[in-house]
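Below is one structure; the comments refer to it alone.
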Amino acid sequence: MPRRTPLFESHQELGAKFVDFAGWEMPIQYTSILKEHEHVRTHVGLFDVSHMGEIDIRGQGARDFCQKITCNDVSKLKPGKVQYTAILNEAGGMIDDCTLYMFNDGHLMFVVNASRKEAVLDWLYLKSEEVDIEVKDRSEDFGLLAVQGAKAPSIVSDLIARDVQTFSYYEFQVCQFEGQPLIVSRTGYTGEDGFEIYIPMVTLQKVWDALMHDGQVANIAPIGLGARDTLRLEMGYRLYGSDMNEDTTPFEAGLGWIVDLDKGVFVGSTALKGQKEQGGYGKVKGLLMEGKGIPRPHCKIFKKDKKVGEVLSGTFSPTLKQGIALARIKCPAKLGTRFEIDIRGKRHPAIITKLPFVETSVRKL
């Protein structure tokens, strides 16, 4: 039986269509994926992403533990800041990509993908057995809403009675709503300016209702996971399970920028150093279709008659009105290089293009 967020009945009343996602019955769309995608790009959207997992790391050695269990440099984190990172196995494979919130040296929080929460928890428990820290699953305590779009700041400011324009990108603050604490961070998965709000489950419905009511003047609309996927793909944002898995290193996922091999020894660092020295792994590139074809995951990529890669994520871009894809290619692939993608037995031309596929409005200050 799939799990449901506390907002399930609200989604039903709004006409949502549901899908089983990582064991959760989640809204895939309310109107259409195309309309919802365009609404986020032009107005503002509200997402229920309460299926995500939150894991607290507490104790005197919390910061050092996170430094050893992730590939990014946690020493660069300051209280109130968020870091995109990954938790790796000994072979350098990605157990999950995640965000790491730092409250203080003795309290950090991982936000992980719903489909990977149990695997992450098992790994953290294993690695923390001889460390004086506490690993605690907080997923049942929090609901998570994302307000995404150019008009998001005014809506969130009204919710918490504070000017969120003072928040920097990848910064969070603990705020208040009707006496309940909310963790409000300037983060998102759409490429638009926006916020993710971690809310005590007992307050989740009230916050959803307040955002839907007060956001009417800004033309807020509920958005499903379907548009969330097309929005993230237009940005070139990776999706666990499609663009990476436990057998994929950050280098192979095109996420080498979150790896700091100079920070000292961490889980998977030896394997990553070896891979970087050896080279030869496929590179993730953005492909733009030149015709009407729409690439899908696992479509084969050819250079002349030689198979050189495979599509990881692919869709029709509502913004560009063309097919786009993230693909791993094992040959030279500079900007402008042309390839062919096999779509249902027919090869369609595509060209390497820069990422993101569309311009972002994220406020990176």
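Each reported figure results from applying straightforward, stated rules to the coordinates on display, with no laboratory input. Just so you know, these numbers come straight off a predicted model, no measurement behind them. A quick note on method: Cβ atoms are made from the backbone with ideal geometry, for glycine too, and the neighbour counts reach across all protein chains shown.
Taking amide H positions as modeled 1.01 Å from N, with prolines and chain starts lacking one, the residues under 5 Å from Val308 and 5 or more places away or on another chain are Ile301, Phe302, Lys303. Spin-label pair Lys354-Arg3: with each label point 7 Å from Cα along the Cα-Cβ axis, the two points sit 4.1 nm from one another. Place a point 7 Å from the Cα of Thr166 along the Cα-to-Cβ direction; which residues of region 76-111 have their backbone N under 16 Å from it? Backbone N within reach: 80-81. Of all aspartates and glutamates in the structure, the ones whose alpha carbon falls short of 17 Å from that of Lys307, not counting any fewer than 8 places away in one chain, are Glu340, Asp342. With the simple model of a label 7 Å out from the Cα in the direction of the Cβ, Ser115 to Asn219 spans 3.4 nm.
Amide H contacts for Thr337 (H built 1.01 Å from N in the peptide plane; partners 5 or more residues away or on another chain; cut-off under 5 Å): Ile352. Summary value for region 150-285: 16 percent relative contact order, contacts being C-alpha pairs under 8 angstrom separated by 6+ residues. Calculated mean residue ellipticity, 222 nm, the chain: -6000 deg cm²/dmol, from DSSP H runs (n ≥ 4) at -39500 (n - 2.57) each, averaged per residue and rounded to 500.
Across Gly345, Gly149, Gly80, mean-square fluctuation computed from a Gaussian network of the chain (C-alpha pairs under 10 Å connected) peaks at Gly345. Taking amide hydrogens as placed 1.01 Å from N in the peptide plane, the amide H of Phe18 sits under 5 Å from those of Ile28, each at least 5 positions away in sequence or on another chain. 3J(HN,Hα) along region 179-187: x, 9, x, 10, 9, 10, 10, 8, 9 Hz, from the Karplus curve 6.51 cos²θ - 1.76 cosθ + 1.60 with θ = phi - 60°, whole Hz, x for Gly and Pro. Put in order of Cβ neighbour count within 10 Å, fewest first, the listed residues Met52, Met201 become Met201, Met52.
Cross-link partners for Lys35 among the lysines, with Cα-Cα distance under 29 Å and sequence neighbours closer than 8 places in the same chain left out: Lys17, Lys151, Lys206, Lys285, Lys292, Lys321, Lys354, Lys364. Annotation for Lys303 and Phe103: the two label points, set 7 Å from Cα along the Cα-Cβ direction, are 5.1 nm apart.
Residue-wise HN-Hα couplings along region 96-113, as the Karplus relation 6.51 cos²θ - 1.76 cosθ + 1.60 with θ = phi - 60° gives them from phi, are 6, 9, 7, 10, 10, 9, 10, 8, 6, 4, x, 8, 10, 9, 8, 10, 10, 5 Hz; Gly and Pro carry x. In this calculation the C-beta distance from Lys78 to Lys346 is compared with R0 = 51 Å, giving a FRET efficiency of 0.45. Rounded to the nearest 20 debye, the dipole size of the chain about its Cα centre is 2000 debye, using +1 on the Cβ of Lys and Arg and -1 on the Cβ of Asp and Glu. If R0 is 25 Å, what FRET efficiency do you get for Lys17 and Ala210 from their C-beta distance, rounded to 0.05? Calculated value: 0.50.
Overall form of region 53-137: rounded. Here a/c, set by the Cα gyration tensor axes a ≥ b ≥ c, is under 1.5.
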